[in-house]
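As structure tokens, the structure follows; a few thoughts come after it.
The values are calculated or read from the model by the stated rules, or taken from the named source; none is laboratory data. Model, not experiment: these values are computed from the prediction. Positions of Cβ are generated from backbone atoms using ideal geometry, with glycine treated the same way; all protein chains shown enter the neighbour counts. Note: accessible area is taken over every heavy atom of the protein model, side chains too, but ligands, DNA and RNA are not part of it. Shrake-Rupley method; radii C 1.70, N 1.55, O 1.52, S 1.80 Å.
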Amino acid sequence: MVYELTIPIISGTTLIVGSGLTIYVDRLERLRDASSPHPVMYRFFSQAILAMKQWPHWIFVITCNIFGPCFFLTAVWQACLLEKQCSSQYCSSLAWALRMDGWLTSICLYLDAWIPLGRPAITHISHMLVAIGFFVFGTHYVHNTILMARILAAKNDDDILEIHILVNLRTAFLAIMVVSGSVIATTTSPAIRAHGRLLDHQFRRTNESQMKQEEIIKCRRMEACMSTAQMLLGIGLGLTLFTAAVDVFTLLNNIADDGRRQIVAEEFRAKAMFVTMLLLTILEYLYRDVIYNSCQAMLLRFRMSPQSNRAKAD
């Protein structure tokens, strides 16, 4: 039982600590870079994890390797608890949605770490789509856990106070995630433009690209605003996973041997996810130079293209 109870705690802790460490280490590396425009604040994740030869990228990839399978396994256990407590068609549909939310949220976050933001356009669009997918399925998961808790409260009068506390906590966490997502949606485009201006100021060194200190501070604050919203989004999901330990505890106390065998069969999918993510991460590490050179070649082709030259001329 101790093993099962630690899974949701590990998942939530990994997401919160790993994300915070990614942003913090990225800031430390830019502080060491004398050419980076000062003041140095916190960048949003898409830029912090972009350089695959630096520590922030690998910290975030390892975070996804641990978070994904643990999160999916937690969602599977919650779905099994719901199916055990309620046999209606609505509960079956909700249990299926919990499983899908766990699987898709984990995959979207892992792909977000792999697909860079920037040129060519296909990678930019793909990165944005999987980032939106993480937000949509993550918030949908939290919403479904609220519905599940309400169903359990109607089925069990003994722990009704405890379940109501869970509902209130998860509702607060969902509100944090929705507000954070709204801030991210409104600041994404300005933050990307601000980051582009900072890069021009840092590398192009032309009179047109140079910025005043007030402009640099404004761009840094825009980056930090989006970074803060992304962190709050992860914190809301991570704290929800802490409360999922209660559901896992309830499941383990009320399950028979037959039900346990069914759950073990579903746990195999989470183990397969972990092995797949781990193998992909090892391959990325082994071939990081090849991938890096390919990305640089694509960037160079874009910069030398006629469309890019016309855009620069404008």
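For segment 236-276, the tally of residues that are in contact with a Cys (Cβ under 7 Å, 6 or more places away or on another chain) and at pLDDT 85 or above stands at 0. Quick one: in segment 92-117, which of the residues that are open to solvent by less than 20 Å² (accessible area, probe 1.4 Å) and modelled with pLDDT under 90 is nearest to Phe274 (Cα to Cα)? Checking each candidate, the answer is Ala113. Scanning segment 196-243 for residues that are assigned to a helix (DSSP H, G or I), of a type in the set (Lys, Arg) and open to solvent by 20 Å² or more (accessible area, probe 1.4 Å) returns Arg197, Lys218, Arg221. For segment 1-22, the candidate set comprises residues that are assigned to a helix (DSSP H, G or I) and in contact with a Leu (Cβ under 7 Å, 6 or more places away or on another chain); within that set, the residue that is nearest to Ile255 (Cα to Cα) is Glu4. When segment 151-181 is filtered for residues that are modelled with pLDDT of 90 or more and open to solvent by 40 Å² or more (accessible area, probe 1.4 Å), the ones remaining, listed by number, are Asn168, Leu169, Thr171, Ala172, Ala175, Ile176, Val178, Val179.
Given the criteria within 15 Å of Lys155 (Cα to Cα), touching a Leu at 6+ places or on another chain (Cβ under 9 Å), at pLDDT 90 or above and not aromatic (Phe, Trp, Tyr), does Cys86 qualify? In short, no.
For segment 248-271, the criterion of being in a helix (DSSP H, G or I), open to solvent by 50 Å² or more (accessible area, probe 1.4 Å) and within 26 Å of Gln54 (Cα to Cα) is met by no residue.
Go over the candidates Ile125, Ile132, Ile59 one by one and state the one that is without any contact (Cβ under 8 Å) to a residue 12 or more places away in the chain and either more than 12 Å from the chain's Cα centre (by Cα) or within 18 Å of Ile10 (Cβ to Cβ) (or both). Before the answer, list the steps.
Working: Ile132 fails: either more than 12 Å from the chain's Cα centre (by Cα) or within 18 Å of Ile10 (Cβ to Cβ) (or both); Ile59 fails: without any contact (Cβ under 8 Å) to a residue 12 or more places away in the chain.
From the options Ile125, Ile132, Ile59, the qualifying one is Ile125.
Please work out which residue is surrounded by the fewest Cβ atoms within 10 Å (Cβ to Cβ), limiting yourself to segment 11-52 and to residues that are among the aliphatic types (A, V, I, L, M) and within 15 Å of the chain's Cα centre (by Cα). Lay out the reasoning, then the answer.
Keep residues of segment 11-52 that are among the aliphatic types (A, V, I, L, M), which gives 15-17, 21, 23, 25, 28, 31, 34, 40-41, 48-52.
Applying the additional criterion that residues be within 15 Å of the chain's Cα centre (by Cα) yields 15-17, 21, 23, 48-50.
Details: Leu15: 26, Ile16: 21, Val17: 14, Leu21: 16, Ile23: 23, Ala48: 26, Ile49: 26, Leu50: 17.
Looking at the filtered set, the residue picked out is Val17.
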